[in-house]
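Okay, so here's the structure we're looking at.
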Amino acid sequence: MTKKEARQYFRGKRAEINTAQMAKWKDLILIQFQKAELPFLNSVHHFLSIEEKKEPDPKPLIRYLEFTNPGMRIIVPKVVDIETMVHVLVNDHTEYGENELGILEPVEGELVDPIDLDLVFVPLLAFDEEGNRVGYGKGYYDRFLTACRPDVIKVGLSFFPPIGKIEDTDTWDIPLTYCITPERIYEF
């Protein structure tokens, strides 16, 4: 399956998810994630899920990590322009606004260098058995992940199992370390 085919197919599959299924699958993803053997994490980056796109929400996983990693810093992305994302330290008092893409992001805050991140939750529409992911096609995360340390833990969240192979992966595509589904943890 190509990236374009995967985007189309999985957008359709997500559209079919009902509210009860989504709530159940979110809970199961959290249960699976709690089984992952992770080191102590100082700084974790996560995307803010878009409810209308029926994305798996990393916030319950972040709450779990805050409990198991006292003092952990939480960082979220902010789009600057068509090619650039910055990374903002957030807390309970952070104010959010919607950007041109309809995505919530912090209005302001302290910027964090990607080299300082220990784990990044990476948004995706699909992933394959080798850990390659299909995002939304803008390339923000591919560019961002190249600025992170080589040992940063990259975690995808998916309601669906992997496809066999994404046929048109590029040399700049960075594979995931893990992908968490309601059924299991995939490690790459």
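The values are calculated or read from the model by the stated rules, or taken from the named source; none is laboratory data. The structure displayed is predicted, hence computed values, not measured ones. Neighbour counts are summed over all protein chains in view; Cβ atoms, including those assigned to glycine, are modelled from backbone coordinates with ideal geometry.
If you go through region 5-23 and keep only what is hydroxyl-bearing (Ser, Thr, Tyr) and either in contact with a strand residue (DSSP E or B) (Cβ under 6 Å, 6 or more places away or on another chain) or more than 14 Å from PRO161 (Cα to Cα) (or both), you end up with just THR19. Residues in region 174-187 that are under 14 Å from LEU124 (Cα atoms) and touching a helix residue (DSSP H, G or I) at 6+ places or on another chain (Cβ under 6 Å): 2 in all.
Test LYS24 against the stated conditions and say whether it is modelled with pLDDT of 95 or more and surrounded by fewer than 19 Cβ atoms within 10 Å (Cβ to Cβ).
Against the criterion (modelled with pLDDT of 95 or more and surrounded by fewer than 19 Cβ atoms within 10 Å (Cβ to Cβ)), LYS24 qualifies.
Within region 153-163, is there a residue that is of a type in the set (Phe, Trp, Tyr), under 13 Å from the mean Cα position of the chain (by Cα), modelled with pLDDT under 95 and not in a strand (DSSP E or B)?
Within region 153-163, the first condition is being of a type in the set (Phe, Trp, Tyr), and the residues that meet it are 159-160.
When the remaining residues are screened for being under 13 Å from the mean Cα position of the chain (by Cα), the result is 159.
From what's left, modelled with pLDDT under 95: none.
No: zero hits.
Being touching an Asp or Glu at 6+ places or on another chain (Cβ under 8 Å) and not β-branched (Val, Ile, Thr) is not true of PRO114. Any idea which residue in region 56-83 is surrounded by the most Cβ atoms within 10 Å (Cβ to Cβ), counting only those that are part of a loop (DSSP other than H, G, I, E, B) and in contact with a helix residue (DSSP H, G or I) (Cβ under 8 Å, 6 or more places away or on another chain)? Here the residue is PRO56.
Of (1) in contact with a strand residue (DSSP E or B) (Cβ under 8 Å, 6 or more places away or on another chain); (2) surrounded by 14 or more Cβ atoms within 10 Å (Cβ to Cβ), LYS165 satisfies all except one. Which? So LYS165 meets the others, but not (2). Residue-level check: of (1) at pLDDT below 95; (2) closer than 19 Å to SER158 by Cα; (3) part of a loop (DSSP other than H, G, I, E, B); (4) not polar (S, T, N, Q), GLY102 misses just (2).
The requirement of being touching a Phe, Trp or Tyr at 6+ places or on another chain (Cβ under 6 Å), at positive phi and of a type in the set (Gly, Ala, Ser) is not satisfied by GLY137. Examine region 136-150 for a residue that is crowded, with 21+ Cβ neighbours inside 10 Å, in contact with an Asp or Glu (Cβ under 9 Å, 6 or more places away or on another chain) and either in contact (Cβ under 8 Å) with a residue 40 or more places away in the chain or not in a loop (DSSP other than H, G, I, E, B) (or both), and state whether such a residue exists. Checked region 136-150: no residue is crowded, with 21+ Cβ neighbours inside 10 Å, in contact with an Asp or Glu (Cβ under 9 Å, 6 or more places away or on another chain) and either in contact (Cβ under 8 Å) with a residue 40 or more places away in the chain or not in a loop (DSSP other than H, G, I, E, B) (or both).
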